[in-house]
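No lab work stands behind these numbers, since they all come straight from the coordinates. Everything quoted here is computed from the prediction, not taken from an experiment. Note: ideal-geometry Cβ built from the backbone for every residue, glycine included; neighbour counts use all protein chains shown.
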Amino acid sequence: MDLPLLLGILPQVLLDGLILGFMYALIALGYTMVYGVLEFINFAHSEIFIVGAFVGVEIMLGLKGAGMLDRLPWPLVLVLVLLAGMAASGLLAVTVERVAYRPLRHAPRLIPLISAIGISFFLQDAIRLFESLWRNAFNLVYPTMDVLNVRFELTQTIDVSVKSLVVIVAALAMLGVLHVLVNRTKIGTAIRAVAEDQAAASLMGINVNRIISLTFLIGGAMGGAAGVLFGVQYGLINPYTGFIPGLKAFTAAVLGGIGNIPGAMLGGLVLGLLEALAASYLSLLTGGAFGAEYKDIFAFSVLIVILIFRPKGLLGEVIRGRA
Amino acid sequence: MRIPLVIILTLAIVAGGAAVDAQGKGTIKIATQSPLSGGQAALGEGIKLGAQLAVEKFKGPLEKMGFKVEFVPYDDQAKPDVGVSNSKNIIADKDILAIIGHLNSGVAIPSSEVYKEVSLAMISPANTNPTVTDRKYTNVNRVCGRDDVQGVVGSEFAKSLNAKTVYVIHDKTPYGQGVAEFFRDDAKKKGLNVLGFEGTEEKSNFDPIITPIRARNPDLIYFGGIYDQGAPFFKQAREKGVKSKFMGPDGMDSSDLAKIAGKNVVGMYYTSAAGPASALPKAKQFVEDFKKKFGKNPEPYAAEAYDAATVALKAIEAAAKGGKAPSREDVAVAVRKVKLSGITGDIEFDAKGDRKKALYFVLQVDSDDPQKWGDNKIVKQLAIAPPSASKN
């Protein structure tokens, strides 16, 4: 084990962890916002996330098929794909809420949970069916855009690619917009009011159903954006790809304090960094006894320790007033 | 008895009315089991068609003896439970004297437990897992190679590339980890420096694994696993600036590797226990017949299935020398005695049912176009005997 090697790769590992963390943060927002207003875990969110990735890849493949991918300026393509992914996932989330959750709003807590798991399975296989009929494919590959793979070497061991920068910039921009939306606008006030007390909010003239739909729309759109960024960054998706990132993002939401928006961002970043550090360093530090396959165990152990000392997550509950 | 009459009539027609001595000695059936539906159907269909071609071509001598020869394909769906339940039907049909199959070792191993109950000869065209023959069943044979040799072929080739340092990744499955361990152990023996040995179930984000690899800059990276995981790994590694040579086992042998990783895997090496049929010198006729009859190119393992079925027919012929329908035991014993020159080379089995000399290939990815996967170049071809002292 040599120290220069360990220290030399650290900045790169932190950078990669940060990118992964931003993606978890974007997905975690969907879980945490829905939990904030409904106190219910939307387990179909991982599929809402991957639908964004599929819409993105379909558009990019469509552009490529039309020969437009290289002719259009690449930032335009990315913005277009991101917006399409956000719109598709947001609308899907609203539809899912309307069809599968709203009729069960007053049923015992476990029933919408099971409905969510059912929707999750349904969406996975619906995507699979669609893609096998449409493209006869299971794995879909994001078309390579060479400009996105250009790397800037900061030092000999650290570099950052254009697509990583895109992920960071896009994630920061969206988190910023969301922050302003929730804290500085009337709509945001309404969302927070519904989260605090639905009955009181409706007495104040807030249309609770509409606000709940809006919450799903925003959460779904964040998930869709994360899906597109995931596809651009890692390249390969299949109908079942969403499950693991979804689970991790849910964990990130709990880690940050579920129901809490800044908490979801923080939780995502912490989990991403922990995972990257564990995957890169475990085998180096233990001489191969524990390898990269233990990264999740390590990350989740840390999660358990944090929750022992802070059962409500890192940032507790700010949005929800109720205990 | 009505059946003999039918056979006489059939044979009379087949033989063009010649006076054939067909007293209706019964039917001999050769079965195949391979996935004919689902994601691996292309390979499974190739096995079925390869065997069918051999049965049609070599059934003459048995028919002259007065037997009716039939070919019965079964679909194991690449699922162990389906394979086993098919096997129960197969052993119940007394006319089936040999089985050609399977595609997947995970299906072949439990199914062969059923064949063993009645000593039904199984000749596998494709199962490379060492366990298939290491159980030393007298009825289980294979015409393809073994993973413990495949890993060694890989490390030998890595050495011949002048690689001094290697990094080994695997997918934690019995197949991927198994072949990666054989690669690693032999690489160490040959004096290569194994910088790391890492398992991962990750399917999308390989960044944290790639960073330490890049810092250590190995000459070669070996990925023991299947293309759907190997392709994104190699793609991300190249895109992150890793300059090492890439290598993998036959799990990488799919056009999807090029589809997913594109130009990033051009020049990558992979080993295989089933070379492209077009590369086998004796298989020219087979490829032509196959194309003519089925209208497509034979998939990997179709030539092996053809040879496996040929072995089965020769063994049945030998066991039926007296003119009587042979028992299953007789056929299983006869298979081990077969010596023939097949389209994949000389075939002869050792005491465990491994081929005395099996063929192994090292291929190199030629193009990022998935359509041109079949044009990948063979850079090395070896005939190697199975290891004498293997595990279990």
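Per-structure values
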item	result
Cα→Cβ-extended label distance, 7 Å offset, between B:Lys284 and A:Gln156, nm	5.5
Sites B:Lys189 and A:Thr286 - FRET efficiency at Förster radius 25 Å, r taken between beta-carbons, to 0.05	0.55
Descending principal axes extents, segment B:288-340, alpha-carbon based, whole Å	39, 19, 17
Integer Hz, Karplus 6.51/-1.76/1.60 couplings in order for segment B:157-162, x for Gly and Pro	5, 4, 5, 5, 7, 6
Residue order, fewest to most beta carbons within 10 Å, for B:Lys203, B:Lys136, A:Lys312	B:Lys136, A:Lys312, B:Lys203
³J(HN,Hα) computed for each position of segment A:26-42 - Karplus, 6.51 cos²θ - 1.76 cosθ + 1.60, integer Hz, glycine/proline x	4, 5, 4, 4, x, 5, 6, 5, 5, 5, x, 8, 10, 6, 8, 8, 8
Average beta carbon contacts from partner chains per residue of A:138-150, 10 Å cutoff	3
Geometric extent, Cα atoms of segment A:173-323 - Rg, Dmax (angstrom)	18.2, 63
Links that overshoot a 30 Å alpha carbon limit, given the list B:Lys79/B:Lys245; B:Lys240/B:Lys357; B:Lys356/B:Lys380	B:Lys79/B:Lys245; B:Lys240/B:Lys357
Debye equation applied to the C-alpha atoms of segment B:211-367, log10 I(q)/I(0) at 0.18 Å⁻¹	-1.05
Packing-based ranking, highest mean first, of B:345-353, B:109-117 given that Cβ atoms within 10 Å are counted	B:109-117, B:345-353
Residue mean of other protein chain beta carbons inside 10 Å, B:194-206	6
Using θ = phi - 60° and Karplus 6.51 cos²θ - 1.76 cosθ + 1.60, couplings along segment B:273-290 (whole Hz; Gly, Pro as x)	9, 9, x, x, 4, 5, 8, 7, x, 7, 9, 4, 4, 4, 4, 5, 4, 4
Mean ellipticity per residue at 222 nm, deg cm²/dmol - from DSSP H runs of n ≥ 4 across chain A, formula -39500 (n - 2.57)	-24000 deg cm²/dmol
Per-q log10 I(q)/I(0), chain B, q = 0.11 Å⁻¹ (Debye; single scatterer per alpha-carbon; no solvent)	-0.77
Centroid-to-centroid separation of segment B:29-62 and segment A:48-85 [C-alpha atoms, Å]	43
Over chain A, equivalent-ellipsoid semi-axes from the Cα gyration tensor in Å	32, 26, 19
Ellipsoid semi-axes in whole angstrom, largest first, where each is sqrt(5λ) of the Cα gyration tensor of segment A:1-119	33, 26, 10
Calculated FRET value between B:Lys377 and B:Ser255, using beta carbons and R₀ = 22 Å, to 0.05	0.90
Alpha-carbon centroids, segment A:212-270 and segment A:111-140: separation in whole Å	18
Amide H contacts of A:Ala137 (H built 1.01 Å from N, under 5 Å, at least 5 apart or other chain)	A:Ser132
FRET E, pair A:Leu7, A:Arg310, Förster distance 25 Å, beta-carbon r, rounded to 0.05	0.25
Estimated inter-spin distance, A:Ser301 and B:Val72, nm [label 7 Å along Cα→Cβ]	5.6
Amide proton proximity set for B:Val379, modelled H, under 5 Å, gap of 5+	B:Val362, B:Leu363, B:Gln364
Sequence of A:Phe309, B:Phe197, A:Phe122, B:Phe361 once ranked by neighbouring C-beta atoms within 10 Å, starting from the fewest	A:Phe309, A:Phe122, B:Phe197, B:Phe361
Net charge, B:Lys259 excluded, C-beta distance under 10 Å - Lys, Arg +1, Asp, Glu -1	-3
Span per principal axis, largest first, for the Cα atoms of segment B:33-98 (Å)	40, 26, 11
Scaled radius of gyration (Cα, divided by 2.2 N^0.38 Å) that segment A:241-323 gives	1.18
q = 0.20 Å⁻¹: log10 I(q)/I(0) that the Debye formula gives for segment A:105-184, counting C-alpha atoms only	-0.94
Relative contact order (%) - chain B, alpha-carbon pairs under 8 angstrom, separation at least six	18
Computed label-point distance, nm, for sites B:Lys172 and B:Asp366 using a 7 Å Cα→Cβ extension	3.8
Order of A:Thr185, B:Thr133, B:Thr138, B:Thr271 under a 10 Å beta carbon neighbour criterion, fewest first	A:Thr185, B:Thr138, B:Thr133, B:Thr271
Residue with peak Gaussian network fluctuation, chain A [Cα springs, cutoff 10 Å], from A:Leu285, A:Leu92, A:Leu61	A:Leu285
10 Å-binned pair-distance histogram of segment B:22-139 (Cα, whole percent)	15, 45, 31, 8, 1
Prolate/oblate/rounded label for the protein assembly as shown (Cα gyration tensor, a/c 1.5)	prolate
Kirkwood-Stokes translational diffusion coefficient of segment B:214-266, alpha-carbon pairs, 4 °C, 1.567 mPa s, µm²/s	118
Inter-chain shielding of B:255-262 (mean C-beta neighbours from other protein chains, 10 Å cut-off)	3
Computed over segment B:99-171, the ratio Rg/Rh where both radii use C-alpha atoms and Rh is Kirkwood	1.14
